[in-house]
Structure formats: C-alpha cells, structure tokens
Amino acid sequence: MKLSGGDLLLRALREEGVKFIFGYPGGAALHIYDSIFKQKACDHILVRHEQGATHAADGYSRATGKPGVALVTSGPGATNAITGLATAYMDSVPLIVISGQVQSHLIGTDSFQETDMIGISRPIVKHSFIVQDTKDIPKIIQEAFHIATTGRPGPVVIDIPKDKTDPTKLYEYKKPKEVSLRSYQPRVLPHPGQIKKACKNILSAERPVIYAGGGVILGNAHKELIALNKLLKAPVTNTLMGLGVYPAKDKYFMGMLGMHGTYQANMAMHNADVIIAVGARFDDRITNTPSLFAPNARIIHIDVDPASISKIINADIPIVGQVKESLNALINEIKRSKIKIDTEALESWNQQVAQWRQKHGLDHELYLQKTKSQMILPQVVVQELYHATNGNAWVTSDVGQHQMFVAQYYHFNKPRRWVNSGGLGTMGFGLPAAMGVKLAFPKDEVVCVTGEGSIQMCIQELSTCLQYNLPIKIININNEALGMVRQWQDMNYGGRHSASTYSDSLPNFVKLAESYGHIGMKVTKKAELKKTLEKAFSMKDRLVFVDVYVDPNEHVYPMLVAPNGSMKDMWIKKNVKA
Amino acid sequence: MKRIISILIENKPGALARVVGLFHQRGYNIETLNVGPVFDGSYSRMTVTTRGSENDVEQITKQINKIIDVIKVSDLTEGEHHEYEFILVKFIHNEKIQKILKKLNGKIHEKDKNAIVMSAWGTSSNIEIAIKAIGKANLLEIVRSGSIGLHEGEKVLKI
Ligand SMILES: Cc1ncc(C[n+]2csc(CCOP(=O)(O)OP(=O)(O)O)c2C)c(N)n1
Ligand SMILES: [Mg+2]
C-alpha cells in the first residue's frame, strides 16, 4: 500500500516505538496532523506552548531512556521549540523535534511563517535533517533515532516542508534493514592499555574519589558503578545530573559536588590523589577555578565523547568508551590484578571524609528541629517531601534555590528519578517535564518542585494536565522572589535587589490552580506543612498545587567561593567561610 | 601557531555550514577555507587554516569529528606536509608586480592595454610575502583559494 508523507512519518515513528507525540499544530504541520488523526499510531498530547512540548518530550526521555518526540509547526512553532532543544542538548538528552516547514518552492522567499529552523537550531542539536524527498522519510526517522540515542546522545531536528507531506502524493514505505552511516560510528570500546593503567593507579591510590555524572545514567551503567565501588570502597560523589546513579543511602556516598555541593564532597575532590571521573564533564560549576582544581590528583576520565576529555581539566588517563563497557573492563582488570587496595589508607581516607561530614555536612534532620518561629525553611519542605513520598517519587524541578535544595536534601537512590535542567538551567522546565514523566509512569508519584518564579514560565501546561488527566503534585517553594538571583545580589551586590522581587504582584496560586480545574493548597505555617503534604499526596487522581510560603532570607550553602577559589574554598553559611 | 586542518565531509546540504558554524561557536577563527567534492563526489575535502595552541587544535579537531556528516579529520601541521595556495590577481600594467608573481609560478591569462590578469601559486607563507610586496598601488583585484594540503609520505587521508 502506498502512503502519503504524513502517513510514512507516523508509521516510521510507530516502528521506533513512539507512544506519545507532544505537539502543537499549525499550517505547515496540518497534513501531518491529519495523519495523526487517521492513523492513531501514537497518542498526541496537545500542549499549550511549544516550549512545553519539548520539555515534556525531554522529561519523558530522561525518565525512560527512550527518545521523546515533539511536533511543531513552522515559524513561531519552531522558534518556540528552541529553548527546549538547547535544554536537551546541554544535558545530552535524546529528543526528536519534528518541525513543519513552508512548502519547498517558498523556502527562501520570506514566506508566511518561514524561519530557517535548520540554521537557527544548528548549534544546539546533535544533528538535523531537512526532508527533500518524501520517500526518504522512513530512512530519515530511522537515522534520527539512531543518532539521537547512540554515542553521546542528543537532540535531532527533522524539518519537513509542507509539500513533502501532501496527502495526494503517495509512496511505498521503504527503509533499510539497519542504519549505516560511514561518517558516524559511535560504538567505542575502551582501550585495554588505558584500562590497565587506570587500574594500576586506582589500586595504588590512598585517597581516591569516584566522581560520577549524568553520563552514567545515559549509559545505563549505574549497576556497574555500584559494582566497582563494592571492590574499591572509595567515597563517591555525583554531579547534579548524576544524582541517583549511586544510591544516596550508601555509606560511601558524599552527596553532590560543585557550586552547591556538600562540604565533604568538595573537600574530598580537592584532597584526592586519584579522581575517577565517569560520565562527567568537569563543568565550570564543578571545578571552580580550573588551575586550582584538585592539585594532587591524577585524573582518570571515562567518557564516550572524546571531546569531553581534557577539555577543561587535563586527563592523565583518558578512557574513551561506552561507560558500561569501560566500567566492566575496569572491574575485571581490578579483579585480575595482583596489586591489592591499601585498605588501611582507604579506611583513614573514609574517616577523613566522615570528619568533614561531621564538621560542615548538611543537616538532614532540620525538619525535626523545634523552633518558636512558624516560618518554614525551604530545606524542610524538601525533607518533608522526601518523607511524604518515602523517597520513591520521580522529582522534576525548575531552576534556582529550590532546585539546589532538592539536589541536596532529597536522597535519590535510583537513576533517572531526578529530572532537572542542569546544563542550560532552564526555568519553566519542571512542569512540562513532569507531564512527560507521568505519562511514562502513570502509576508512580511524580512531583514537580518549583519556585514561584519558574512555575510562571510554563504555567499554561496546567491546562494540558487537566485535558490528559495527569495527577502530578506541584510543590511551589514560594520565597516571593527570584531567590537565587537575590542570593547573588545579597552576596555580591551589597544586597541591592535589582529586579528580583515581586511580592505585591504574585498570583493567588490556589485560585490559579482551581481555575485550571485542579486543587490548590496554601501553607504558611510550619505546623501545617506535614499535614498538607500528606493530604495532597492522598489525592491520587488529582493534580494538587501546594503553595508553600518559606523563609525568604534563606541562602543555599555550601557555596564555592568565586572568582579565584578552588574546590576547598566554600561559604558554609551566611558570611562564614570554611 | 598556524594550523592546517583537513576534513572529509559528506557532500550534503548544510554540512559545510556545520563546520564553519562550529569554529565560531567554539571561539576559533577561520583564516582560510577551501572546499570541493572529490573522488565520486559523494564527499568533499575541506582545508581550514586557523591559529591556536596544541590544546586548541586538539579540542577543535575533536569537536569537528563529532559533526555527524564529518567522515575524517586530520591536522596536517602535526607532521610533514605539502601545502600550497593559488591566487588570481588583476592589476594595472606594472613590471614590479609581474616580476613578483613570475617568481611564484606566475602565468599571464589576460592582457589588454590597461590591465593584466595573472595567476600564481606557492606556499601560503610565500603568497603572504608576495601580497605584502605587491602593495596597493596598481592592484585592482586579488583572490585567494585558501590553503590546500596533503600529508607527506605514506600517510593518506581517504575513506
Ligand atoms: C529562562 C531563565 N531565565 C533566567 C534565569 C536566571 N535565573 C536563575 S535562578 C532564577 C530565579 C528563579 O526563581 P524561582 O523560580 O522563584 O526560584 P528560587 O531561586 O526563588 O527558588 C533566575 C531568574 C534562568 N535560569 N532561566
Ligand atoms: Mg522564588
């Protein structure tokens, strides 16, 4: 049977296992929408803004490991998808964005709703395709999914001129058995010589640290990471993107590192003699001043992307390879090796870490503290949330202080459970991302922890949640300000709060939630917090928006001292350096 | 330090823009750029010259390699290599310019009562010297092909 371009597309998507398309229609995409209507191959989720479509598809992807798909029209539809593409690109998320384009003969004529989507998105995609021949659509989809999901994953754009989905032009559905691209061979196995060298260094280390990032999640290698540390018993830290790859409850886990990392994690990095970096990229939010980074450490760096290695911090032992295979090779080598770990050294190293933890570690029992004031600390909201959800929720977040508090205080024991925009830091990500996660795991608890600033950037998606019955829970940590901005202004700009407050003009979030057909709850007193959260979570089939007013003066600590600081230089609380 | 990077890239729409855009995104300058299809025409060979430290060039070749359409990348300056550049010059009758170009394999292609069109080729450093020596006087137009190059000896960049 011959098919139209739109039908070819839908069939190809179904063959890739696509369940949901997050999208928003418009002229250039209407042939495709007609195919969606007729074929019923995938469920279409109508968002309220294309940014929401990309974040929802992204959230779906981060939670499942399968590519999320967004569909937008040309022009403004395409440009609205740009922030979502950049978000996915920075965190290496396999996201597929299909954009309608004006008809081929109109391209380049400034026609209605024409933008050069391929050009605009070029620096923020792993790859992009423009459909020039309708019959290539199945092959392009196949290649797009292959590219998005293999190697270092990333977003792929497919731009389809309207005439290529003309319903009156029919073609045979044909695609190759498998993808073969001479210019793209992403599967790389670690070099055995490098594995040997790494093993030798690791086993003779006295102060080793495992520094694991989002690459371990993307490479589905958390089991291997845990297995490695069964052998080593070294302290482990995770990046913001890596939280969950190593169980937070494990005694060797030090918490997150970097800008707002724990004291012990940052101190351990600074004092390490060997750093085993796995699927992490020495982001500037980690290293602080690169020239002062971990002065005595030999760096072993495992990454699938050779360009990540020695980009910022020179690797003494680079290992280019899939994380899973590399860790397995390392584990086998360690088991075979005649060198034995210096358990005594390791023990005193772990004790040192414990001392650091004791000295300036995070207080995970703030919620138990009895105080006279009824003011709620934002940290306590996260701690209560952790208990209310038994630590089992999928948690998305936005960007700001609230995001850091979740990273610090919600203990993630499984990979993928923590969904946040770490690389780009996109406010507005949390709610749509939670929709994607909820669609993927409808029976699980999905929570979006947000701030009153961020939530207003994609608030319109509350309407989508009603339409598709997505009973997520939104915890709005309301400090009546762009809290993270204000923190920087407190610390670096003499407390001049330029354009970071708006307490007189905030919406009534309870009424707002209600007007979207959901439940709204407001908490202002400490005594009400636990009860309200419990009540919210007992309403299994409703979206509940919990607006929690918190102490607006809280800052996120620790915080690396910048500029010109190293990882050992931290603000530990207001005006106090460690 | 000057670097000559050779790239084999799929002859597909937008592929060239991905390479050029990358230099800009990563904060490197392109000094010269040459590109054209080779062999069966399914792919092109690009030569890009840029300036940077060893680290810079390592990073940029890695980043170029990540472009999906790029088949192979090689930094010619890493080893011995051949490198030449071709120029076309239009100028008002002038002995000095003719002489300079003659020394660089110069050839006259057109001559009328006002102007001469000549070609010349040589290593880009010799081309640079010649361009400086020619100066502005009597010069009407000049166009450079940009460097092209190959590895010396047995080393071959090919798919
Ligand atoms: C789209 C976007 N614009 C601006 C910023 C810069 N920014 C980072 S955090 C922040 C404040 C966020 O406020 P809120 O969501 O209320 O979170 P809080 O820090 O108060 O917890 C801003 C403006 C950003 N990350 N993203
Ligand atoms: Mg706020």
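Before moving on, here are some points about what is shown:
- When you filter the trypsin sites (Lys or Arg not before Pro) in region B:65-134 for DSSP loop state and at most 14 other Cβ atoms inside 10 Å of their Cβ, you are left with B:Lys103, B:Lys113.
- Among beta bridges identified by DSSP and lying wholly in chain A, the antiparallel ones come to about 10 percent.
- Inter-part distance where region B:70-106 and region A:187-250 are each reduced to a Cα centre, Å: 52 Å
- Calculated over region A:187-302: convex hull of Cα atoms, volume per residue (Å³): 104 Å³
- Fully extended contour minus Cα-Cα distance, from B:His93 to B:Ala137, at 0.36 nm per residue: 14.8 nm
- Average partner coverage of B:57-68, which counts Cβ from other chains inside 10 Å: 5
- Kirkwood hydrodynamic radius of the protein assembly as shown, Cα pairs, Å: 28.3 Å
- Cα-based reach from B:Lys155 at 22 Å (exclusive), listing lysines while leaving out same-chain residues under 8 positions away: B:Lys2, B:Lys62, B:Lys72
- By the count of neighbouring beta-carbon atoms within 10 Å, fewest first, A:Ser348, A:Ser538, A:Ser4 end up ordered A:Ser538, A:Ser348, A:Ser4.
- Distance between region A:1-67 and region B:111-159 - C-alpha centres, whole angstrom: 53 Å
- Restricting the trypsin sites (Lys or Arg not before Pro) of region A:241-321 to loop positions (DSSP other than H, G, I, E, B) with no more than 15 neighbouring Cβ atoms within 10 Å leaves A:Lys249, A:Lys251.
- Each residue in A:Leu10, A:Leu257, B:Leu33 was given a count of other beta-carbon atoms within 10 angstrom of its own, and listing them fewest first yields B:Leu33, A:Leu10, A:Leu257.
- Positive-end residue, chain A charge dipole about Cα centroid, Cβ charges, pick of A:Gln369, A:Ser337, A:Leu203: A:Ser337
- Three semi-axes of the equivalent ellipsoid, region A:374-550, Cα gyration tensor, whole Å, largest first: 24, 18, 17
- Relative to the globular-protein estimate of 2.2 N^0.38 Å, the Cα radius of gyration of region B:2-78 stands at 1.00.
- With a 10 Å cut-off around each Cβ of B:71-77, the average count of Cβ atoms from other chains is 1.
- Given A:Lys249/A:Lys438; A:Lys196/A:Lys324; A:Lys249/A:Lys414; A:Lys324/B:Lys66, the pairs whose alpha carbons are separated by over 18 Å: A:Lys249/A:Lys438; A:Lys324/B:Lys66
- Every helix of 4 or more DSSP H residues in chain B counts as -39500 (n - 2.57), and over all residues that averages to -8000 deg cm²/dmol at 222 nm.
- Antiparallel %, DSSP beta bridges [both residues in region A:192-360], to 5: 0 percent
- Between region A:256-318 and region A:382-460, the Cα center-to-center distance that results, in Å: 26 Å
- Sparse packing (at most 10 other Cβ atoms within 10 Å of the Cβ) combined with a DSSP loop state is found for the following GluC sites (Glu not before Pro) in region B:11-87: B:Glu80.
- Taking other C-beta atoms within 10 angstrom as a stand-in for reagent exposure, B:Trp121, A:Trp418 fall in the order B:Trp121, A:Trp418, fewest first.
- Partners of A:Lys2 within straight-line reach, counting lysines whose Cα lies under 26 Å from its Cα and excluding those fewer than 8 residues away in the same chain: A:Lys19, A:Lys38, A:Lys40, A:Lys135, A:Lys139, A:Lys162, A:Lys164, A:Lys169, A:Lys174, A:Lys175, A:Lys177.
- Point-charge dipole on Cβ atoms (K/R +1, D/E -1) for region A:5-165, about Cα centre, debye to 20: 440 debye
- Average Cα contact separation per residue, chain A, under 8 Å, 6 or more apart, as relative contact order %: 14 percent
- Taking Cα centre as origin and charging only the Cβ of basic (Lys, Arg, +1) and acidic (Asp, Glu, -1) residues, the dipole magnitude of chain A rounds to 1560 debye.
- Computed FRET value (nearest 0.05) for A:Gln351 with A:Lys230, which takes r as the C-beta separation and R₀ as 22 Å: 0.65
- Region A:475-578 - share of DSSP beta bridges that are antiparallel (%, nearest 5): 35 percent
Quick note: the coordinates plus some simple rules give every number you see, no bench work behind them. No experiment lies behind these values; they were computed from the predicted model shown. Counting neighbours? That spans all protein chains shown, and the Cβs are built from the backbone with ideal geometry, glycine included.
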